[in-house]
Amino acid sequence: MDRRLVFVIWVAGVIQGFGQSQASASLPFTRAGLGLSEGEMSLLLGIARLAAFAALPIGWLGDHRGRRRPFLWAITFIILGGSLAGLTFEAWQFGVLHSLLRTGTAAVSGLAVVILAEKTSVPIRAYAISFYGAAVSLGSGIALMVLPLAESGPEAWRIPHLLTGLGVLLLPFLIKNVPETDVYRSEPEGGHWSELVRGPWSGRFWTVVAIGFLAAAFGAVGAAFSTERMISDVGLSTGMTVLILLGGGTLGGIGFFIGGHLADAWGRRRTSVMSLLMSLLGGIVLYSSTDIAVIVPAVMVSAFGTFAFVPSGGSHRAELFPTTLRASANTAASNAGLVGSASGLMAGVLTIDMLGLSNTIYLLGIGVFAAAMLTLLLPETRGQDLTAVSADRR
């Protein structure tokens, strides 16, 4: 049962990863096709991420109508928004459809973790979530692989976006196999946002939101300017830069599975803190050193920490809230990550010119350290009985 469910959510994760990565992977070609400058394209994508607050009602439906149907609607939004973006002629049209896609990815990110947490066996809960994270990463890798299709002609930028539409072929499989969770069936009356925002769960909620925001702000800028750092500052060739990023990222990808194992065996909180600090250390070294022998392991350490945080942080978030609020809280946490990444990129437009790229990374790194310290304020939840958490309102 566990393996089948993990595979079903894995399929959804690949669709999500492929769809959400197209805008960044094909950015130079899409930008040229829409006639936008680099700054205008950055602003458009930032606004689209902020517009993904529309995912919050989907999370609310997950607590009041069940996890399954909102999850399937969110996957449909990804497929529609991602593929139809390839048919647009105006920047605003692309922005609207990319907002639809980002709404879907925020909702899927929250609900996928909830479904896995509520349906898989307790001893392997975080490990199961690690496969979802790995699937999203695989989808992103496939998006890079089809990038050459975008440079075959002036309108070829549309092709990678349109390929997202192939996900519709997998929708019948997902509709048939994505289950409703037994935990939701046992407690079908959803909670209210006031319980999260200012009620008995507000302390945990705002701590989780702050952690997601701060970690994403650092990660978004670090990832977006990694090639700029290595090519312009360090002086590496484009080919060597791609080799280092792909190689380091691939080796660091074992963080998904090691992070999941550690979260199940060692604890969510300690694994999350370790992951955040590894991500911070690798990022700081990457933007400080010009020695390739140092840069390569820095990329690997940063990727490992980033990937290991997915299962540990995801399982932790799911276990911190009761059944009646779990989908809403996790969807909001996913949105916090999107807002954090958008805010980091927008702030970077100003701080990079004033302080420099490396100093901007250092400044944002303070936020990651703060996120690690905030994680220590949350209770450990390893082995948490998800049907009993509503009795604990610490």
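The values are calculated or read from the model by the stated rules, or taken from the named source; none is laboratory data. Since the structure is predicted, the reported quantities are computational estimates derived from the model, not experimental observations. Glycine gets a Cβ as well: all are built from the backbone with ideal geometry, and neighbour counts include every protein chain shown. The accessibility values were calculated without ligands, DNA or RNA, using every heavy atom of the protein model including side chains. Shrake-Rupley method; radii C 1.70, N 1.55, O 1.52, S 1.80 Å.
Stretched out straight at 0.36 nm per residue, the stretch from residue 73 to residue 124 would grow longer than its current Cα-Cα span by 15.6 nm. Taking 16 Å as the cut-off, the amide N atoms of the stretch 88-120 that come nearer than this to a point 7 Å along the Cα-to-beta-carbon line of residue 155 belong to 88-90. In terms of overall dimensions, the stretch 251-290 has a Cα radius of gyration and Dmax of 11.8, 37 angstrom.
For residue 161, the accessible surface of its heavy atoms amounts to roughly 10 Å² (probe 1.4 Å, protein chains only, rounded to the nearest 10). Largest mean-square fluctuation among 356, 348, 314, in a Gaussian network model of the chain whose springs join Cα atoms under 10 Å apart, belongs to 356. Using all pairs of distinct alpha-carbon atoms, the Kirkwood hydrodynamic radius of the stretch 1-160 works out to 16.2 angstrom. Expressed in units of 2.2 N^0.38 Å, where N is the residue count, the Cα radius of gyration of the chain is 0.93. Considering only 75, 115, 284, the Gaussian network model of the chain with Cα springs below 10 Å gives its largest mean-square fluctuation to 284. The modelled label-to-label distance between residue 369 and residue 206, using points 7 Å beyond Cα along the C-beta direction, is 2.4 nm. Expressed as a fraction of 2.2 N^0.38 Å, the value expected for a compact globular protein of N residues, the C-alpha radius of gyration of the stretch 98-209 is 1.41.
I'd like the Kirkwood hydrodynamic radius of the stretch 46-132, using the inverse of the mean 1/r over distinct C-alpha pairs, in Å. Its Kirkwood hydrodynamic radius stands at 13.6 Å.
Per-residue ellipticity at 222 nm, computed for the chain from helices alone with -39500 (n - 2.57) per DSSP H run of at least four residues, works out to -24500 deg cm²/dmol. Sorted from greatest to least, the principal axis extents spanned by the alpha carbons of the stretch 289-380 come out as 49, 31, 19 Å. One chain, two ends: residue 142 and residue 377. Fully extended at 0.36 nm per residue, the span grows by 80.8 nm beyond their Cα-Cα distance.
A Förster radius of 51 Å, combined with the Cβ-Cβ distance separating residue 192 from residue 237, puts the computed FRET efficiency at roughly 0.35. Residues in the stretch 92-175 average 38 Å² of solvent-accessible surface per residue, probe 1.4 Å, ligands and nucleic acids excluded. Working note: Karplus 6.51/-1.76/1.60 with θ = phi - 60° gives the stretch 286-302 the couplings 4, 8, 10, 9, 10, 8, 4, 5, 8, 5, 4, x, 5, 4, 5, 5, 4 Hz, where Gly and Pro are set to x. Residues whose amide H falls under 5 Å from that of residue 323, counting only those 5 or more places apart or on a different chain, are 390, with hydrogens built in the peptide plane.
Shown are 3, 268, whose ranking by accessible area with a 1.4 Å probe and every protein chain present, most to least, is 3, 268.
Sequence-distant or interchain residues sharing an amide H contact under 5 Å with residue 381, placed H: which? Result for residue 381 returns 268, 269. Of the two radii for the stretch 77-123, the radius of gyration is 1.25 times the Kirkwood radius, both from the alpha carbons; that is the Rg over Rh value. Residue-wise HN-Hα couplings along the stretch 151-157, as the Karplus relation 6.51 cos²θ - 1.76 cosθ + 1.60 with θ = phi - 60° gives them from phi, are 9, 8, x, x, 9, 6, 4 Hz; Gly and Pro carry x. Near residue 236, the amide H atoms lying under 5 Å from its own belong to 231; only residues 5 or more places off or on other chains count, and H is placed 1.01 Å from N. Note on the chain: with charges restricted to the Cβ of Lys and Arg (+1) and Asp and Glu (-1), its dipole about the Cα centre is near 880 debye.
With R₀ fixed at 41 Å, the C-beta to C-beta distance from residue 50 to residue 170 puts the FRET efficiency at about 0.90. If R0 equals 25 Å, the separation of the Cβ atoms of residue 87 and residue 347 corresponds to a calculated FRET efficiency of about 0.15.
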